[in-house]
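**Q** What follows is a structure written as C-alpha cells; I'll ask about it next.
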Amino acid sequence: MVWRVFLLLVGIGIMSFGVSLTVVAGIGTTTNSSLPVALAAITDLSVGQLTIVFNFVYVAVQILLLRSRYQWIQLLQLVTGLIFGLLIDATAPLVEPLRPEHYWQELGLALIGVVGMGIGIGMQVGANLINLPGEGFVVAITSALRRRFGPRPRLHFGTVKTVSDLVHVAVAAALGLIFLGHLEGVREATIIAALSLGAISKTVLNRLPHYPPIVRPKE
C-alpha cells in the first residue's frame, strides 16, 4: 500500500510539472488543462486554482449522476484534485525561467511536458487507488449513460472520454477567441497530447505491477 501511495503522489507531481511545462511553452496544453489555462488568461485566478475549482465541480457532478451508487470513499478525489492544483501552482515558478524565445524551443518544451504528463498519468493510474476527479467524472458519465441506455458498444469509457476532451477543447477555444481574440491553451501541443498521452501512459502501465482496486464500482 505504501508503494501504491508513493506511485500516486509521485505521478501527480510529475503530471503537475508536465502541465506547467506545456503552459510555459505557450503552444497549447492537454485537453483537461485547456479550460483552466484559457480561464487563467481571462481571470485573475491561476491555472492551479482553476484546476482545483474544476476538480471540485467534477466530484459534485459524480455525486449528482451516481446518487445512491456513489461510493463516498471517492471523496478522496477532492484530496488528489487539491494536491494536483497546488502542485501546478508550485511548479509554475520553477519552470518560468525556461520560457522559450523560439518556436523550436516552445515545441521541445511542450513535448517534454506531454511526455511528463503521460508518465505521471501511467503512475497515477497504475497505483489503482483513487482517480483524479477528471477521470472519475468520465467514469460517472459512462456509468450513467450505460444505466440509462444499456451497455451499447459506443457507450464505453473511451468514447465518452473523447467527447469530454472535445468539449473541453471547444469551450476553451471559444473562450479564448471571444475574450482574448486568440486561442489560449489550445494549439499544437493539445493535438500532440491527445494523440500521444494514451500510448505513453500505457507504456508506463505495462511496466508496473497490476494492483487490484481498493473499491469496486456499484452496478
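The values are calculated or read from the model by the stated rules, or taken from the named source; none is laboratory data. The structure presented is a predicted model; accordingly, all values stated were derived computationally and were not measured. In this analysis, Cβ positions are derived from the backbone assuming ideal geometry, glycine residues included, and neighbour counts consider all displayed protein chains.
**Q** Tell me yes or no: at least one residue of segment 200-216 is within 25 Å of G48 (Cα to Cα), in contact (Cβ under 8 Å) with a residue 60 or more places away in the chain and under 16 Å from the mean Cα position of the chain (by Cα).
**A** Scanning segment 200-216, I find at least one residue that is within 25 Å of G48 (Cα to Cα), in contact (Cβ under 8 Å) with a residue 60 or more places away in the chain and under 16 Å from the mean Cα position of the chain (by Cα), so the answer is yes.
**Q** Still on this model: Being assigned to a helix (DSSP H, G or I) and within 16 Å of the chain's Cα centre (by Cα) is the filter here; which residues of segment 184-197 pass it?
**A** Within segment 184-197, A189, T190, I191, I192, A193, A194, L195, S196, L197 qualify.
**Q** Which condition does G150 not pass, out of (1) free of Cβ contacts under 8 Å to residues at least 60 places away in the same chain; (2) under 26 Å from L109 (Cβ atoms), if it passes all the others?
**A** Status for G150: all satisfied but (2).
**Q** Output the number of the condition that G28 fails; it satisfies all remaining conditions of (1) at positive phi; (2) surrounded by fewer than 22 Cβ atoms within 10 Å (Cβ to Cβ).
**A** If we test G28 against (1) at positive phi; (2) surrounded by fewer than 22 Cβ atoms within 10 Å (Cβ to Cβ), just (2) comes out false.
**Q** In this structure, does I63 turn out to be over 20 Å from L175 (Cβ atoms), surrounded by fewer than 18 Cβ atoms within 10 Å (Cβ to Cβ) and of a type in the set (V, I, T)?
**A** Judged against the criteria, I63 is a match.
**Q** Would it be correct to say that E188 is acidic (D, E), surrounded by 19 or more Cβ atoms within 10 Å (Cβ to Cβ) and touching a residue at least 60 places away in the same chain (Cβ under 8 Å)?
**A** no
**Q** How many of the residues making up segment 147-183 are among the charged types (D, E, K, R), surrounded by fewer than 18 Cβ atoms within 10 Å (Cβ to Cβ) and not in a loop (DSSP other than H, G, I, E, B)?
**A** Summing the residues that are among the charged types (D, E, K, R), surrounded by fewer than 18 Cβ atoms within 10 Å (Cβ to Cβ) and not in a loop (DSSP other than H, G, I, E, B) in segment 147-183 gives 2.
**Q** Just to check your reading of the model, which residue among V61, V79, V37, V19 is closer than 29 Å to S143 by Cα and touching a Phe, Trp or Tyr at 6+ places or on another chain (Cβ under 8 Å)?
**A** None of the others qualify; the one that does is V61.
**Q** Would you say L180 is aliphatic (A, V, I, L, M) and either within 14 Å of the chain's Cα centre (by Cα) or modelled with pLDDT under 90 (or both)?
**A** Considered against the rule, which asks whether it is aliphatic (A, V, I, L, M) and either within 14 Å of the chain's Cα centre (by Cα) or modelled with pLDDT under 90 (or both), L180 comes out as no.
**Q** May I pose another question? For T159, only one of the following conditions fails: (1) at pLDDT 90 or above; (2) of a type in the set (S, T, N, Q); (3) farther than 24 Å from L75 by Cα. What is its number?
**A** Of (1) at pLDDT 90 or above; (2) of a type in the set (S, T, N, Q); (3) farther than 24 Å from L75 by Cα, only one is false for T159: (1).
**Q** Given the criterion surrounded by fewer than 22 Cβ atoms within 10 Å (Cβ to Cβ) and not hydroxyl-bearing (S, T, Y), identify the matching residue among V37, V10.
**A** V10
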